[in-house]
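What follows is a single structure, written as structure tokens, with notes after it.
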Amino acid sequence: MGEGSNVLLFLLGFLAARALGPAPFGEYSTAFAFVGLFRILPDFGMSYASTLAISRDRSLAERLLGGLLGFQAVLSVITVALCLGIGATRYRGVTWFALVILSVDLVLKSFKSTLRWALKALERFGTEAVSLLAERTLLLVLGVSVLAAGQGVRGFVLVFLGVRLLDTSALSAYVQRKVLPLRPRYDPALWWELLRKGLPFAYAGAMITLVFQVDTVLLEAMRGPTEVGWYRSPVLVLEGLTLVPRILGYALIPTMAAWAATRPEGVTELYRRGSKYLLLVGLPIAAFGVLESDRFIRFLFQDAYAPSAAASRILLPAAAFMFLSNFGETTLACVNRWGNIVVVSTLALVVNVALNLALIPRLGFVGAAWATLATEGVYFAATAIALARYGHRAGWPSLSWRPALSTLAFAAVLRLAHGWPLLVASLAACAAYAVAVVVLRAADARERALVADLLRGRPAGAGRLAS
């Protein structure tokens with residue numbers, strides 16, 4: 001339920017793009033991306049590291065959480081000062097106002113994230129999920145109301161700050177009363193220990209964050225907010241699609257992590273199967289992006305975003321690489337290869353920045369889209385190579401030919417039905433794809449047996465697929 005509530009944020013993003021128009025949406029997106037560059041600073045991966053420690057020994061919860069909250073207070077002041085100090089040299093007007101509000105929102109969001117990780121460690125999953133759902137529902141309702149009232153970017157970002165203040169205060173009061181006391185501690189020795197343990201997680205997270213945010217900042221600096229708006233609208237679709245590999249990853253992480261030391265062949269089997277499932281989802285999305293971006297973008301964002309179709313034809317195919325790179329990174333984490341994740345994420349960032357600097361001046365937002373596609377391709381290849389070095393080989397030729405042929409059937413029907421309404425043409429293409437998947441036997445005997453058991457109401461798990 002917690003992960004599914006992200007759909008509400010994606011819906012809010014779509015509605016904001018439609019209501020604001022390309023230039024104001026570009027101003028908001030620029031401020032959001034710029035503040036996002038500092039996202040890792042208030043926490044430095046310490047919440048994740050603390051969660052692991054608390055999960056192993058709950059008696060550490062009060063001391064670790066208190067030390068973390070005290071250290072975060074100091075880091076938050078530094079983060080806001082850096083964000084506003086650097087931002088003041090570049091931004092003015094609406095973008096500057098949004099940046100100021102969103103920098104404070106970042107601090108509150110980081111504080112809530114710490115409470116969420118503590119709840120995870122203490123297995124209070126229901127509390128965390130309800131808090132997320134309430135926060136995002138309120139953001140959607142108030143955000144849409146403010147946009148409908150014509151309050152623009154200023155009113156829109158103030159909604160984030162207001163909701164975050166209310167939500168964080170309510171969750172803090174609940175944790176204080178029902179879970180454990182929240183007492184920030186000044187403990188330099190503990191702070192150093194937290195920082196040292198959180199640094200690997202912080203570095204990998206920072207690289208990934210920069211890959212997804214730096215292009216927007218560079219694009220605004222070189223081409224202005226309108227092109228940012230045209231670029232960010234299809235990026236919203238791409239970001240929404242990240243739910244697909246995340247849901248699969250969360251389903252398989254417990255089994256893969258448990259088997260990493262004792263059953264590496266089982267990890268390899270689940271990596272192969274997970275990659276196949278992501279190809280079955282990702283390749284039709286890529287074909288749809290190439291063939292129907294013009295109508296799709298107009299349907300989602302209206303005619304003002306018609307130029308965005310040029311970026312969408314590049315970004316939606318990137319989803320296939322993104323699915324595989326995300327799952328590959330998850331598999332590397334499960335087999336405890338954090339050093340490889342650091343190297344791969346650094347490589348991806350270098351490639352992304354270099355390509356954006358080279359392509360944006362000549363191609364504008366379309367160049368940024370090409371940079372994203374290339375980065376995701378490099379990220380996928382690097383994670384696959386790293387996993388192969390440790391014996392986890394997917395066997396890509398044998399794995400991908402059935403999904404690829406099925407996608408050809410999808411694309412052929414979608415092309416033939418181009419004159420039909422978009423929804424009707426898409427449903428016809430999906431039907432052809434489903435038939436092709438069955439005829440080509442993309443699901444093997446074990447998977448078909450598992451589906452049959454599920455239909456009969458028998459329980460099943462990831463272990464069944466690799467047993």
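The values are calculated or read from the model by the stated rules, or taken from the named source; none is laboratory data. Note that the structure is predicted; figures quoted are calculated from it, not measured. Note: ideal-geometry Cβ built from the backbone for every residue, glycine included; neighbour counts use all protein chains shown. When the accessible area is computed, the model is the full protein with side chains, heavy atoms only, and any ligands, DNA or RNA have been set aside. Shrake-Rupley method; radii C 1.70, N 1.55, O 1.52, S 1.80 Å.
Key figures for this structure:
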{"quantity": "For the chain, with +1 on Lys and Arg beta carbons and -1 on Asp and Glu, the positive-most of Phe160, Trp191, Ala429 along the dipole", "calculated": "Trp191"}
{"quantity": "Gain on full stretching of the segment that runs from Tyr186 to Glu123 - 0.36 nm per residue minus C-alpha separation", "calculated": "20.0 nm"}
{"quantity": "Accessible carbon and sulfur surface of the chain relative to its total accessible area, %, 1.4 Å", "calculated": "68"}
{"quantity": "Helical mean residue ellipticity (222 nm; -39500 (n - 2.57) per DSSP H run of 4+; nearest 500) of the chain", "calculated": "-28500 deg cm²/dmol"}
{"quantity": "Structure-derived log10 I(q)/I(0) by the Debye sum over Cα atoms at q = 0.08, 0.12 Å⁻¹: which label, when the choices are (i) -0.72, -1.16; (ii) -0.51, -1.20; (iii) -0.50, -1.07", "calculated": "(ii)"}
{"quantity": "Segment 1-152: C-alpha gyration tensor shape, a/c 1.5 cut-off, then a/b vs b/c", "calculated": "oblate"}
{"quantity": "Difference of contour (0.36 nm per residue) and Cα-Cα distance, Ala73 to Val424", "calculated": "121.0 nm"}
{"quantity": "Per-residue ³J(HN,Hα) for segment 5-20, Karplus 6.51 cos²θ - 1.76 cosθ + 1.60, θ = phi - 60°, Hz, x for Gly and Pro", "calculated": "5, 4, 4, 5, 5, 5, 5, 4, x, 4, 5, 5, 4, 5, 6, 7"}
{"quantity": "Cα gyration tensor category, rounded, prolate or oblate, for segment 171-290 with a/c compared to 1.5", "calculated": "oblate"}
{"quantity": "Assigned charges on the beta-carbon of Lys, Arg, Asp, Glu; segment 113-222 dipole about Cα centre (debye)", "calculated": "420"}
{"quantity": "Rounded FRET efficiency, nearest 0.05, which uses the C-beta distance separating Val343 from Thr89 and R0 of 22 Å", "calculated": "0.10"}
{"quantity": "Rel. contact order, % - alpha carbon contacts under 8 angstrom, at least six apart, the chain", "calculated": "19"}
{"quantity": "Lys, Arg +1 and Asp, Glu -1 on Cβ, resulting dipole of the chain about Cα centre, debye, nearest 20", "calculated": "720"}
{"quantity": "Inter-probe distance in nm under a simple model that places probes 7 Å from Cα toward Cβ, at Leu165 and Glu239", "calculated": "2.4"}
{"quantity": "Lys/Arg +1, Asp/Glu -1 at C-beta; segment 1-154 dipole; positive extreme among Ala129, Leu119, Phe34", "calculated": "Phe34"}
{"quantity": "Among Leu387, Val351, Pro307 the positive-end extreme of the charge dipole of the chain (Cβ point charges)", "calculated": "Leu387"}
{"quantity": "Too-long pairs where the Cα-Cα distance tops 26 Å, listed order kept, from Lys197/Lys276; Lys120/Lys197; Lys109/Lys276", "calculated": "Lys197/Lys276; Lys109/Lys276"}
{"quantity": "Whole-Hz couplings from phi, Karplus 6.51/-1.76/1.60, listed for segment 197-206; x for Gly and Pro", "calculated": "6, x, 4, x, 5, 5, 5, 4, x, 5"}
{"quantity": "Segment 101-212, accessible area per residue, ligands and nucleic acids excluded (1.4 Å, Å²)", "calculated": "47"}
{"quantity": "Per residue solvent-accessible surface (Å²) - segment 314-362, probe of 1.4 Å", "calculated": "35"}
{"quantity": "Residues Ala81 and Met222, FRET efficiency given R0 of 25 Å [Cβ-Cβ distance, rounded to 0.05]", "calculated": "0.40"}
{"quantity": "Relative contact order (%) - criterion: Cα under 8 Å, at least six apart; region: segment 102-177", "calculated": "46"}
